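Worksheet for the structure shown next.
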Amino acid sequence: MSTITELPSALPLITSSRQFLDSEQHIVDFILANTDRAPQMTSAQLARASSTSEASVSRFCKKLGFKNYRSFQFSLARDLAAVSYTHLRAHET
């Protein structure tokens, strides 16, 4: 069983210049436009919100190297929390 620290980093994977299918790009666009709520969404909610299907969300996560949506969700939440923390720390100085 892998731990959250062993998961790949989701944010660089979705913000890279790699080519995504249209459905995958819809998922990426929604996540990046809704970083505050996307990590808390179920795969069904993300699919509805990004006008895709749960199968598309699942395939997208696997294409990025995650075992399942839950692993992607944990990694995304971890990455976004780290970005927020870094952003807050930068404003303290």
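Can you give me the number of residues within the stretch 53-78 that are of a type outside the set (A, V, I, L, M) and under 11 Å from residue 31 (Cβ atoms)?
Matching residues across the stretch 53-78 total 3.
Looking at the stretch 17-54 only, could you name the residues that are within 22 Å of residue 82 (Cα to Cα) and open to solvent by 50 Å² or more (accessible area, probe 1.4 Å)?
17, 29, 32, 33, 35, 36, 37, 40, 42
Pick from 51, 71, 58: which is on the phi > 0 side of the Ramachandran plot and modelled with pLDDT of 95 or more? Working first, answer last.
Numbers: 71 fails: on the phi > 0 side of the Ramachandran plot; 58 fails: on the phi > 0 side of the Ramachandran plot.
51 is the lone residue from the list that is on the phi > 0 side of the Ramachandran plot and modelled with pLDDT of 95 or more.
Confirm whether residue 6 is at pLDDT 95 or above and closer than 16 Å to residue 65 by Cβ.
no
Among the residues of the stretch 55-72, what is the count of those that are in contact (Cβ under 8 Å) with a residue 12 or more places away in the chain, open to solvent by 20 Å² or more (accessible area, probe 1.4 Å) and within 13 Å of residue 44 (Cβ to Cβ)?
So the count comes out to 2.
Could you tell me whether residue 11 is out of contact with any His (no Cβ under 7 Å at 6 or more places or on another chain) and either modelled with pLDDT of 90 or more or under 20 Å from residue 53 (Cβ atoms) (or both)? Give the derivation first.
Values: out of contact with any His (no Cβ under 7 Å at 6 or more places or on another chain): yes; either modelled with pLDDT of 90 or more or under 20 Å from residue 53 (Cβ atoms) (or both): yes.
Yes, satisfied.
Hey, among 51, 58, which residue is part of a helix (DSSP H, G or I) and of a type in the set (Ser, Thr, Tyr)?
58
Spot the failing condition for residue 82; the list is (1) assigned to a helix (DSSP H, G or I); (2) at pLDDT 95 or above, and only one is missed.
Failed condition: (2).
The values are calculated or read from the model by the stated rules, or taken from the named source; none is laboratory data. The shown structure was predicted, so the numbers you read here are calculated from the model rather than taken from an experiment. Neighbour counts run over all protein chains shown; Cβ positions are idealised from the backbone, glycine included. To get the accessible areas, we keep the full protein, side chains included, count just its heavy atoms, and leave off ligands, DNA and RNA. Shrake-Rupley method; radii C 1.70, N 1.55, O 1.52, S 1.80 Å.
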